[in-house]
Each structure stands twice: as C-alpha cells, then as structure tokens.
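Q: Let me give you the structure first, and then I'll get to my questions.
Computed from the coordinates by the stated procedures, all read-outs in this text should not be read as laboratory data. Everything numeric in this text was worked out from a predicted model, so none of it was measured. Because the Cβ atoms are built from the backbone with ideal geometry, glycine has one as well, and the counts that use them run over all protein chains shown.
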Amino acid sequence: MTMSLRRKVILYCLLVVSALFLFAPTIIAFSMSFMTNQDIMTGKIIPTSISFENYFHVFQRFPLLKYMFNSFVVSIAIMLGQLALASLAAYAFVFIEFKGRDVLFFLFIATMMVPFEALIIPNFQTIRDLGWIDSYQGLSIPFFAMAFGTFLLRQNFKQIPKELKEASEIAGMGDLKFYLTVVLPVARTSLVTLGVYGFLTSWNMYLWPLLATTDNEYRTVQIGLRQLQSQEQLNEWGVIMAGAIIVVIPTLILLFVGQKKLQQGLAEGALK
Amino acid sequence: MNQLAIPHDHLETLELKNTLKKQKILRWLKGMLFLAPSIILFSIFLFYPLARSIYLSFFLTNNTGVPTVFVGFENYINIFTSPIFRNSLQSTFLFVLYTVPGAIIISLFLAIIANEKLKGIGFFRTMFSSTMGISVAAASVFWMFLFHPTMGWLNQILSYVGVDAIGWLTDPKWALLSVSISTIWMNIGFTFLILLGGLQSIDRYLYESADIDGAGYFYQLRRITLPMLSPTLFFVITVALINAFQTFGQIDMLTRGGPQNQTNLLVYSIYREAFMNYQYGPASAQAIVLFIIILIITLIQFKLGERKVHYQ
C-alpha cells in the first residue's frame, strides 16, 4: 500500500526534527572535541578549523589507553563468563530432568528482584577481604551469574526438538558433548545477542568500578572519565569531550552493528 | 515354579528400582554440575550479601564495617526520622515520577514514527537507539556542558530569547529536574528499542483490515497499536521503574547529591553513608529499604503480568 505524499512529508519532518534533538548532545560533544579553546569560548557550533589537539592532549595527560585496555579486559571477561554460566544453567533447566529443578529455576528468577546496588556494602567487603580490590577478577567475577541471560537462553533452548536429545542419547552422546556440539551452535544468534548486551552493560558500568578500584592500574574508562571531568577544572572542555567521545566509540559501533539483533533478542526476552 | 518365580520377579523389580534410583541420582548430580557455577556465584555475590545487609542493618559498625553494637531497629527508626533521608526518599520518588513517564512517552512517540515503512528508516532507528550505547559517564559529560551556567547551550538559547539564565545544576529548585532531563535522554535508547520490537511484532493483517474498513490513523493507533503493545509497555514500565530507583552515575558526575541535598537519590545516599561517612549500619538499613521497594515493584509486575501477558 502506498502512503499519501502529505503523510510522508509529515513523517519525514517528525523523524528529522526528533533525530536532531536527540542526537544534538552527541553532535555538540563531537564537534567540540575538534575545537580550539577559543572556538569553544566564543560559542561556535562548527569548528573554524579541525584540530586533533584535544585528542593528543587527552592521551598525553591521561592513561586513557590503559583505561581502555582495562575496560576491554573486564567487559570481555564478563561477557564470556555470562555466556558460559548462563548457557550451562539454561541447558540444565531444559535438557536434564532432576529433582528440585523447578525450585531452583524459581530461585534463579527470584534473583532478578535483588538490585545489585543494595548489596554493595557486603560485596565490597568480600572483594576487600579476598584481596581483589584493584584486580580484574574483582571487577568481573561478581557479574558472571546472570538470571536474565539464563532465562533468555532457556527460552531459546526450548525450541530445540526433544527428539534430537533422545537420538543423541541413543547414539551414546553425553550431555557435555550434546551441549557443545548441538545446543550451542543452534543457539548462536541468541548467544551473540546476549554477548553484545553483556559487553555494552559491562563497558558502561559505573558504580562497581568506582568502589573496586583505587589506583590507575586497574581503573576502567568510565571512572577515568569521572577523573578527567573532576580534574579538568580549567574549562578545557575540548579535552574532556575528546575523552568522552573515545569512551563511547566502541559501544556506539557495537550498537550500530548489532542493533537489529539486540532489538529482536531483548524483545523476545521481554515477552516470553 | 510359581513359588520360585515370585521372589525372582521381586528381585528383578528391586534391581530395576535400584538402577532407576541410581540414574535419578546421576541425573541430579549432572544437573547440579551444570548449575554449580551459577549457584556458587549467586551464593557469594547475591544471597550471602543480602543476608549480610539485613544483618548489618541491625548493628553499628566500626570504620572497616565490622559490626560492634547490636541496636535492633534503631537504624531504621533513625533513618526514617532523619530529615536528610526522608528528603532523599522524596527526591527519589519525584525523580521516578519525572523520568519514567517522560522517557516512555517520548520513546513511544519515536517508536511509532520509526515503525513506518519509509526509505532510510534504518538510519533514524539507529539514531533513536543511539543513547543506549552512550555510557552514563559520557552522557553526564555531554549534559554537564549543556547545563554550563555561561557557555552551556541551554542558557545560551535562553539568553537569545531574552530569558534570565538558570542555574540548572546549582539552583536547588532546578537541579533535580535537570538531572531528570538528562536521565530521560539517556534512557530513551533502550526504551525505544524495546518498544520498536513490540510494535514490529504486531500482525500487519490487523492494520490492513482496519484500512479496508476505513479506520483513520489515530483510531488505529488507539484501538490496535496501544492495546497490542500493552505487554511490551508493561515490561518497559517495570524496567524503567527499577532503573530509576537504582540511579547513581549521573548524580555522582553532575551534582554529587547537591545542591542542598536536592538530588541525593537513594543509591547515592547509601554510597555516601557507607563509603564517605563509614556508617555501614545505617547505610545497610537504607539498602534494605531500596531492596524492599524493588521487591514490591517486581512482585506487582509478576502478579499483574500473569493476568495480562499471553503466553504462547
């Protein structure tokens, strides 16, 4: 069915205006990151000349590369940990029948009711007592177990026909082999979705890295940005914006590439 | 023969029972083995700290968090009579009231206009979901500049139209609203993405038959789109409520709870009490209040969700 021209024009206008409003803060920051201080002070919108000075400064004055490396390590560790633990748990909930399974599943669902923010005091003490302050394991391991991921993968694994499992048993295939060679490859799409989601949320984590790190050696980019913002009181907005742009580039790329999958996957998890 | 057969039979079933039992135990062990990593980590980083928080909330502690004096419900009585904490609760509820409807209404509008089949719609969808990829810290930096008293765009625009400058983050009357505006912006990406997914799963056929019946655009919106979207909307509202109560990053970056404690939201208040004032007991009591609020929201969701959502 074709749309009337009038409706098309109205829609495009709404889309363009909304996009401009919504993307304005990001565009402004991006533009400022290429400006000289003078341009910023005089309230320019577009830089008079594009300069990479701010980027140069931010890398020179801050261990930003190290922060980025730390964030990568922590985010990838959390992503892999979540994928492994959630898929193992989901496998047990779908393919292994044992006593107490339903109770355990209910317990998993119940963990979604406990906000991490309410647990920071004992968790901080645990990490401290383990000597894990300023360490990759302290930043990542508390987030490995994940009810939402288990739930999402369970929905997905359920679509694998039971006959396949029965056939594999007759063929003498063990559970571990079935999990590795049949279930994981079939659920590839959901695993990717969950992985993207895990990476995004870990990269953007703020409160826990703030508590669990005290020195620059293990600090993540988000806390680095906090440091940058609070130390640069000289109104060097260009440098701060350059730092912020560098921090959001990896996640924005990931989001733009995986947007469609993420949307389908999250909607699935929401509705089933 | 018969006399012999009975015990033999009996023996066989016994054996069968034994092997069945063995298999049952084996299956149980296998199941637990697959679940063990998750169960162990949940125990260490979720169940234990929950119990420990409840325990700590009945004690006063020393500076390192070791409980020293049992005080019963005194921590709870103290926080609920403290004007600072009551103010914090009030700010938190106001913040929820501003941000949840704000983000959902804007995202719903964006999702509806981005659900049309138009050329280049993918570009707009990407734009609208973009704030999901921007971290709280980075978004706070962006908004920090927009809110800047002299150079910030918001005050520049105000002065352009001849209105006095506003102390967005420094005026106690405005600070909570300013933080809410920036939070709505941060949350639009995720909310939009989920709502768009919900819209796309609505059967096209419904609209086609409505078109044949000559139903107008807004009639279809009211009678088809919104009812069909209600399960998704319901989910999004719950997630947004929970997220709003857990807000921390933008407060830490933009206002540090000020001015005059106007933006001292619940999680920031817990953080300040525990990690700046070293009052772990009262801080734990606040954490339990947060837990109970979230618990109530999720329980309501489960109860209402059972009725509303159709399972396939």
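Q: Between B:Leu177 and B:Asn62, take the C-beta separation as r, use R0 = 41 Å, and let me know the FRET efficiency to the nearest 0.05.
A: Details: r = 40 Å, r/R0 = 0.96.
Efficiency, rounded to the nearest 0.05: 0.55.
Q: Each label point is 7 Å from the Cα along the Cα-to-Cβ direction; what then is the distance between the points at A:Cys13 and A:Gln137, in nm?
A: So the label points at A:Cys13 and A:Gln137 sit 6.2 nm apart.
Q: Averaged over B:253-266, how many beta carbons belonging to a partner chain fall within 10 Å of each residue's beta carbon?
A: Averaged over the peptide's residues, the number is 1.
Q: Find which of A:Leu107, A:Pro122, A:Gln229 sits farthest along the positive direction of the dipole of region A:63-231, computed with +1 on the beta-carbon of Lys and Arg, -1 on that of Asp and Glu, about the Cα centre.
A: So the residue furthest toward the plus end is A:Gln229.
Q: If a paramagnetic tag sat 7 Å from the Cα of B:Ile300 along the Cα-Cβ line, which residues of region B:240-254 would have the backbone N under 12 Å from that point?
A: Only B:241-242 pass the distance filter.
Q: I would also like to ask the following. Using only helices, what value at 222 nm comes out for the protein assembly as shown when you add -39,500 (n - 2.57) per DSSP H run of length 4 or more and divide by the total residues, to the nearest 500 deg cm²/dmol?
A: -23000 deg cm²/dmol
Q: Between B:Leu29 and B:Tyr205, with labels modelled 7 Å along Cα→Cβ, what's the label distance in nm to one decimal, could you check?
A: Result for the modelled spin labels: 5.2 nm.
Q: Any number yet on Rg/Rh for the protein assembly as shown, C-alpha, Kirkwood? The partial results should precede the final answer.
A: Values: Rg = 26.9 Å, Rh = 26.4 Å.
Expressed as Rg/Rh, it is 1.02.
Q: Starting from the amide H of B:Gly258, placed 1.01 Å from N in the peptide plane, find each other amide H under 5 Å away whose residue is 5 or more places distant or on another chain.
A: B:Thr263
Q: While we're looking at this one, here's another question. Please compute the net charge surrounding A:Leu207, taking Lys and Arg as +1 and Asp and Glu as -1 over other residues with Cβ under 9 Å from its Cβ. Walk me through the intermediate numbers first.
A: Numbers: positive: none; negative: A:Glu117, B:Asp252.
Every neighbour counted, the sum reads -2.
Q: If you don't mind, another one. Per-residue Cβ counts within 10 Å, from other chains only, averaged over A:90-102: what number is that?
A: For peptide A:90-102, the averaged partner shielding equals 4.
Q: Determine, for each peptide in A:195-208, B:162-175, the mean count of other beta carbons within 10 angstrom over its residues, then list the peptides with the highest first.
A: Highest-to-lowest ranking by the protection proxy: A:195-208, B:162-175.
Q: What's the FRET efficiency of A:Phe23 with B:Arg256 using the Cβ-Cβ distance as r and R₀ = 35 Å, to the nearest 0.05?
A: Given R0 = 35 Å and the Cβ-Cβ separation, E is 0.80.
Q: How large is ³J(HN,Hα) for each residue in region A:106-115, as worked out from phi by the Karplus curve 6.51 cos²θ - 1.76 cosθ + 1.60 (θ = phi - 60°), to whole Hz, x for Gly and Pro?
A: 4, 4, 4, 4, 4, 5, 5, 7, 9, x
Q: Based on the Cβ-Cβ distance from B:Ala165 to A:Met41, what FRET efficiency comes out when R0 is 22 Å, to the nearest 0.05?
A: So, using R0 = 22 Å, E works out to roughly 0.85.
Q: Between A:Phe69, A:Phe151, A:Phe106, find the one with the highest GNM mean-square fluctuation for chain A; connect C-alpha pairs within less than 10 Å.
A: Among A:Phe69, A:Phe151, A:Phe106, the largest GNM mean-square fluctuation belongs to A:Phe106.
Q: With the cut-off at 1.5 for a/c, could you classify region B:82-308 from its C-alpha gyration tensor as rounded, prolate or oblate?
A: It is oblate, given that a/c is not under 1.5 and a/b is not larger than b/c.
Q: Of all chymotrypsin sites (Phe, Trp or Tyr not before Pro) in region A:1-65, which ones are in loop regions per DSSP and have a Cβ with at most 16 other Cβ atoms within 10 Å?
A: Of the chymotrypsin sites (Phe, Trp or Tyr not before Pro), the ones in loops of region A:1-65 whose Cβ has at most 16 other Cβ atoms within 10 Å are A:Phe52.
Q: Now for a separate question. Take peptide A:10-20, look around each residue's Cβ out to 10 angstrom, count Cβ atoms belonging to other protein chains, and average those counts.
A: Across A:10-20, the average partner-chain Cβ count within 10 Å equals 5.
Q: Still on this structure: By average Cβ neighbour count within 10 Å, what is the ranking of B:228-234, B:282-288, B:209-215 from highest down?
A: B:282-288, B:228-234, B:209-215
Q: Contour minus end-to-end for B:Glu12 and B:Asn78, with contour as 0.36 nm per residue of separation and end-to-end as the Cα-Cα distance?
A: Length gained between B:Glu12 and B:Asn78: 16.9 nm.
Q: In chain A, once you exclude exposed GluC sites (Glu not before Pro) (DSSP loop, at most 16 other Cβ within 10 angstrom), what's the longest stretch remaining?
A: In chain A, the maximal stretch lacking such sites is A:98-216.
Q: Expressed as an acute angle from 0 to 90° and rounded to the nearest 10, what is the orientation of the C-alpha long axis of helix B:280-308 relative to the principal long axis of chain B?
A: Rounded to the nearest ten degrees, it is 70.
Q: If amide hydrogens are placed 1.01 Å from N in the peptide plane, which non-local residues have theirs closer than 5 Å to the one on B:Phe59?
A: The answer is B:Val71.
Q: If you don't mind, another one. Would you calculate the separation in nanometres between label points at A:Glu53 and B:Phe47, each defined as 7 Å from the Cα along the Cα-to-beta-carbon direction?
A: Rounded to a tenth, the inter-label distance reads 6.0 nm.
Q: Taking only Cα atoms and a 10 Å spring cutoff, compute GNM fluctuations for chain A and point out the largest among A:Ile127, A:Ile223, A:Ile28.
A: Fluctuation is largest for A:Ile28.
Q: Then there's this: Output wanted: per-residue J couplings in Hz (rounded whole) for region B:147-163, from phi through Karplus 6.51 cos²θ - 1.76 cosθ + 1.60, θ = phi - 60°, x for Gly and Pro.
A: Ordered by residue, 3J(HN,Hα) equals 7, 3, x, 10, 7, x, 4, 4, 6, 4, 5, 4, 5, 5, 8, x, 9 Hz.
Q: Separate question: Would you mind classifying region A:5-53 by shape? Square roots of the alpha carbon gyration tensor eigenvalues, ordered a ≥ b ≥ c; an a/c under 1.5 is rounded, otherwise it is prolate if a/b is larger than b/c and oblate if not.
A: prolate
Q: When ranked by the protection proxy of mean other Cβ atoms within 10 Å per residue, highest first, what sequence do the peptides B:131-141, B:57-67 form?
A: Most protected by this proxy first, the peptides run B:131-141, B:57-67.
Q: Wrap a convex hull around the Cα atoms of region B:149-264, take a quarter of its surface area, and give that in square nanometres.
A: Average projection, Cα convex hull of region B:149-264: 10.2 nm².
Q: Rounded, prolate or oblate: which fits chain A, taking a ≥ b ≥ c as square roots of the Cα gyration tensor eigenvalues, rounded meaning a/c under 1.5, else prolate when a/b beats b/c?
A: Since a/c reaches 1.5 but b/c is at least a/b, the shape of chain A is classed as oblate.
Q: At a Cα cut-off below 26 Å, give the lysines reachable from A:Lys165, other chains included and same-chain residues fewer than 8 away excluded.
A: Counting by Cα, and skipping residues close in sequence, A:Lys165 has these lysines nearby: A:Lys99, A:Lys177, A:Lys272, B:Lys17, B:Lys21, B:Lys22, B:Lys24, B:Lys30.
Q: Can I ask one more? For B:Ile54, put the label point 7 Å out on the Cα→Cβ axis and report which residues of region A:112-140 keep their amide N under 15 Å from it.
A: A:113-115, A:119
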